[in-house]
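Novice: Next up is a structure, given as structure tokens.
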Amino acid sequence: MSTSKINLPRSQGISRRHFLQLSALAGGGLLVACGGGGSGSSSPNNTPDGPGGGEPSEVQQTELGEFMRIGSDGSITVLVGASEIGQGALTAIPMIVAEEMDADWDRVKAEHSPVAAQFNNPYFGSLLQWTVASSSIRGFYDPQREVGATVRHMLIQAAARRWEVPAETLTTERGYVIDEANGRTAGYGELAAAAAEEPVPTFPAMKDPSQFRIIGTNRQRLDIDSKVDGSMQYGIDVDLPGMLTAVIARPPRFGGQPLSVDDNAARAVPGVRDVFSIVSGVAIVADDFWSAEQGRKALEVQWAELLAGRTDSQATRSTYGLKLNLPGVPLRIDGLALLAQTLASQTFSADYHFPFMAHAAMEPLNVVVDYRGSRADIWTGSQSPTLDKVFAAATLGLLPAQINFHNMPSGGGFGRRGNPVADYVRDACQVARQLQQPVKVIWTREDDMKGGFYRPAAANRLSASVDNAGNITAWTHRSVTQDVTALLYVEEIVDIIADTELPPLKELTDLEVGMPYDIDNVLMDFHLEANLNMPALWMRSVNKFTDVFAQETFFDTVAQQMGREPYQFRRQLLANRPRHLAVLDAAAQAANWGAPSQGTHQGIAVMHHWKSWIAQVVEISINSEREVTIHRVVSAVDCGTAINPDLVVAQIESAVIFALSSVLFGEITLEDGVVQQTNFDDYPVLRMYQTPQIDTVIVDSGNDPGGVGEIGVPCVGPALANAIFAATGEPIRELPLKNLGYRFA
């Protein structure tokens, strides 16, 4: 049988002329929503009635199911239920769909989906839209493959009906159905309307991974053009006709309430329209942000603080330290750890302390609400739009169906935009309900830094017992932290007492809870402290940030006491953990472990969570003035199937910088209930000159995808601390390092 090659046309990307036009407009102060391919912007911004919308397109759009539109020009728009917070969800999830469709990637676009049940995260049982726990790819991978395969099947059926040939004789490639025997093709755009009338298959055939041509390849982010030319809209960019701007004066202590308000000077500020109290403080509403901020500075408020929180950082540390002396709620019990301790020839122990930390995302919190009595539109960047919509409805006195929630791309989230109590959305809705006209509520950097919902402070105590032969016979790990973290342990607790297939609760049935090393007797327990007037929240890498730091630095302390080399000692105790070993060896090899450059020292750490595995090596030098130069960070990550390796590398690089910022500098302190930090001058983050060379190795295990948004954070700190320990002999038992007399070049 002879075969013929059919040449398929290629689509065009953004032109240089179009780029320059948009760049000029952005530079001139106008924000233009780019509706072309790869904008990655939220769907309201691409419609004439949305902010920044242009003229309606003449391209006819056909909906194939609820997750996709195909244009008559062959363009494919994928509606993504996960939030875009910088991690690349608006690229990776469309890649999954495009793979099974055999789509032309150059013609694929992405939009945030509406907030609706069909777009809920499958990882959480499709109960809600929630972009947390590194779950987007893990949750949407199989369902979105099925979406793509379903649409491909329907397109083939439509072509077969048109050409009156058996469907099994047709193939697909790069956006076309191909009848190779008769030398003809039909583009997806011209088949879409007919395909929409075809029956939906119950079990569409999906590709074997060996057939992938999009998944596993480096593809340009769909939102890169709009980020580069300035046309991408974030929540803070939304501008509506007649919109006012509001800021909120909040009490200096959490839980305080306005007792008396003198707003005469505030109302006298030009542009200020109104001043009134809401639950969280006093709202100042003006024509623009500058006027609102000046009005807030002129406002005089006396706060009722009888019931306000008086949390103090030093007192919290002392309380947590006392709790370390008491047995906690068991999390993992292997063997008889306490008995093994009494029989051991030697036991080592260490306590660790960690401060509150701020999320400090690049884009501070902001919400636009257009409330019209019986309906409302809301624009904001949210990691939990389902919950935000429900709380907004309750605050406005509406039903969720009466709210159109526009989820915008976010300039960082790190968990702060996934608050289950929707604090910043409720504030904005209270202001809007009072005004009954469009309003944007903006948090300044100072509001964000002092506004609560921090990574909770924590304390850890670890002990390791050894026998005369130099074996670790018992390991205990006790943690104390604030009660918000109960949500972080739910998956582990329920996993112990119940057998369920829901992924978050099944997360650890195939591996250890918490600690990976092959030790016969293990006891892990925890205390959760209630503090109703100290708002805390999960933050990128959640409790693994503190738990893994304590575990991996303590491991090196024990290894040093036993005269063991830390990398080889890990290898010995991970002999039955092949994926741990694979990343550990890959990181050590890439970092030239054991033979660092002259005058430098190395540290290593390893962990597993979110269905991914990682090992990281940090290489430093340190002078007599305790000035540390971080030369290099090497990461080896096994995240199963890497949908887009370049996105994986970007996430690990981001995580390294995020982790170093937290480990070196991150600290929120409270004195008598008042937060002391205000901005990046007293809550610094890593600067460019302090940023090391970052190298990432992806270990391809061929397994299902794991999460990568957080896996790169926890091991950086202990690897750095272990490098300092190797250089100085001084173990690191608390953070941030700046408080221990270290400086960073």
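Novice: Mean residue ellipticity at 222 nm from the helices of the chain, using -39,500 (n - 2.57) per DSSP H segment of n ≥ 4 over the full residue count, to the nearest 500 deg cm²/dmol?
Specialist: Details: 19 runs with 219 residues, N = 745.
Theoretical 222 nm ellipticity from helices: -9000 deg cm²/dmol.
Novice: Separate question: What distance in nm separates the two pseudo spin-label positions at Ser624 and Arg372, each 7 Å out from Cα along the beta-carbon direction?
Specialist: 7.4
Novice: Could you run the Debye sum over the Cα atoms of the chain, one equal point scatterer each and no solvent, and tell me log10 of I(q)/I(0) at q = 0.12 Å⁻¹, two decimals?
Specialist: With one equal scatterer per Cα and no solvent, log10 I(q)/I(0) is -1.40.
Novice: Additional query: Grab the alpha carbons of the range 128-234, take their convex hull, and tell me the volume per residue in Å³. Write out the running numbers ahead of the final one.
Specialist: Numbers: hull volume 19.8 nm³, N = 107.
Hull volume normalised by residue count: 185 Å³.
Novice: Here's a follow-up. So between Val279 and Glu565, what do we pick up on full extension, going 0.36 nm a residue minus the alpha carbon distance? Provide the component values of the computation, followed by the final result.
Specialist: On the way: separation 286, 0.36 × 286 = 102.96 nm, distance 5.68 nm.
In short, 97.3 nm is gained.
Novice: For the range 555-648, what does the relative contact order come out to in percent, with C-alpha contacts under 8 Å and a separation of six or more?
Specialist: On the way: 122 pairs, mean separation 20.6, N = 94.
This gives 22 percent for the range 555-648.
Novice: What is the range 545-666 by shape, rounded, prolate or oblate, if you read a ≥ b ≥ c off the alpha carbon gyration tensor as root eigenvalues and call it rounded for a/c under 1.5, prolate for a/b larger than b/c, and oblate otherwise? Write out the running numbers ahead of the final one.
Specialist: Details: a/c = 1.58, a/b = 1.15, b/c = 1.37.
Note, shape of the range 545-666 comes out oblate.
Novice: Quick one: compute the contact order of the range 603-745, relative version, from alpha carbon pairs under 8 angstrom and 6+ residues apart, as a percent.
Specialist: Reported as a whole number, the value is 40 percent.
Novice: HN-Hα J couplings of the range 298-313 from phi, Karplus 6.51/-1.76/1.60, θ = phi - 60°, integer Hz, Gly and Pro as x?
Specialist: Couplings: 7, 6, 10, 10, 9, 9, 7, 10, 4, 9, 6, x, 10, 4, 10, 4 Hz.
Novice: Under the definition of Cα pairs under 8 Å and six or more residues apart, what whole-number percent is the relative contact order of the range 61-229?
Specialist: Working: 282 pairs, mean separation 43.7, N = 169.
Reported relative contact order: 26 percent.
Novice: Any idea what the alpha-carbon Rg over 2.2 N^0.38 Å comes to for the range 174-233?
Specialist: Working: Rg = 17.1 Å, N = 60, 2.2 N^0.38 = 10.4 Å.
After normalising by residue count via 2.2 N^0.38 Å, the value is 1.64.
Novice: In whole Hz and in residue order, list the ³J(HN,Hα) couplings for the range 447-455 that follow from phi through the Karplus curve 6.51 cos²θ - 1.76 cosθ + 1.60, θ = phi - 60°; x for Gly and Pro.
Specialist: Coupling constants for the range 447-455: 4, 5, 6, 9, x, x, 6, 8, 4 Hz.
Novice: Then there's this: Around Glu734, which amide H atoms from residues at least 5 apart in sequence, or from another chain, sit under 5 Å from its own amide H, with H modelled in the peptide plane?
Specialist: Here His353 satisfy the definition.
Novice: With a ≥ b ≥ c the root eigenvalues of the C-alpha gyration tensor of the range 559-606, is it rounded (a/c under 1.5), prolate (a/b larger than b/c) or oblate? Intermediate values should be presented prior to the final figure.
Specialist: On the way: a/c = 3.00, a/b = 1.28, b/c = 2.33.
Oblate, since a/c reaches 1.5 and b/c is not below a/b.
Novice: I would also like to ask the following. Short version: ³J(HN,Hα) in whole Hz for each residue of the range 69-76, in order, from phi by Karplus 6.51 cos²θ - 1.76 cosθ + 1.60 (θ = phi - 60°), x for Gly and Pro, what are they?
Specialist: So the J values, rounded to whole Hz, are 10, 10, x, 5, 8, x, 6, 10.
Novice: Related question: Taking the Cα centre of the chain as origin, work out the dipole magnitude from +1 charges on Lys and Arg Cβ and -1 charges on Asp and Glu Cβ, in debye rounded to 20. If you can, show how the numbers build up before the last one.
Specialist: Numbers: 57 positive and 85 negative charges, 138 e Å.
Roughly 660 debye, rounded to the nearest 20.
Novice: Can you give the charge dipole size of the range 95-190 about its Cα centre, rounded to the nearest 20 debye, using +1 on the beta carbon of Lys and Arg and -1 on the beta carbon of Asp and Glu?
Specialist: Using only the charged Cβ atoms, the result is roughly 260 debye.
Novice: Using +1 on the beta carbon of Lys and Arg, -1 on that of Asp and Glu, and nothing else charged, what's the dipole of the range 61-229 about the Cα centre, debye to 20? Don't skip to the end; give the middle numbers.
Specialist: Values: 15 positive and 24 negative charges, 67 e Å.
Using only the charged Cβ atoms, the result is roughly 320 debye.
Novice: Another question, if that's okay. Using alpha carbon centroids, what distance separates the range 707-745 and the range 107-125, in Å?
Specialist: 38
Novice: Next question. Could you give the C-alpha radius of gyration of the range 511-586 expressed as a fraction of 2.2 N^0.38 Å, taking N as the number of residues it contains? Intermediate values should be presented prior to the final figure.
Specialist: Working: Rg = 15.6 Å, N = 76, 2.2 N^0.38 = 11.4 Å.
Working it through for the range 511-586, the quotient is 1.36.
Novice: What is the ratio of the Cα radius of gyration of the range 675-745 to 2.2 N^0.38 Å, with N the residue count, to two decimals?
Specialist: Numbers: Rg = 16.1 Å, N = 71, 2.2 N^0.38 = 11.1 Å.
Normalised by 2.2 N^0.38 Å, the Cα Rg of the range 675-745 equals 1.45.
Novice: Still on this structure, I have one more. Which cross-chain or sequence-distant (5 or more) residues have an amide H under 5 Å from the amide H of Phe744, H modelled 1.01 Å from N in plane?
Specialist: Here Val628 satisfy the definition.
Novice: Between Ala469 and Asp288, 0.36 nm times their residue separation minus their Cα-Cα distance comes to what?
Specialist: Values: separation 181, 0.36 × 181 = 65.16 nm, distance 7.20 nm.
Computed gain between Ala469 and Asp288 is 58.0 nm.
Novice: So who's got an amide H within less than 5 Å of the one on Leu244, skipping anything under 5 residues away but keeping other chains? H placed 1.01 Å off N, in plane.
Specialist: Answer set, sorted by chain and number: Val439, Lys440.
FYI, it's all coordinate maths here, none of it is from the lab. Remember, predicted model here, so these are calculated numbers, not experimental data. Heads up, the Cβs are rebuilt from the backbone with ideal geometry, glycines too, and the neighbour counts pull from every protein chain shown.
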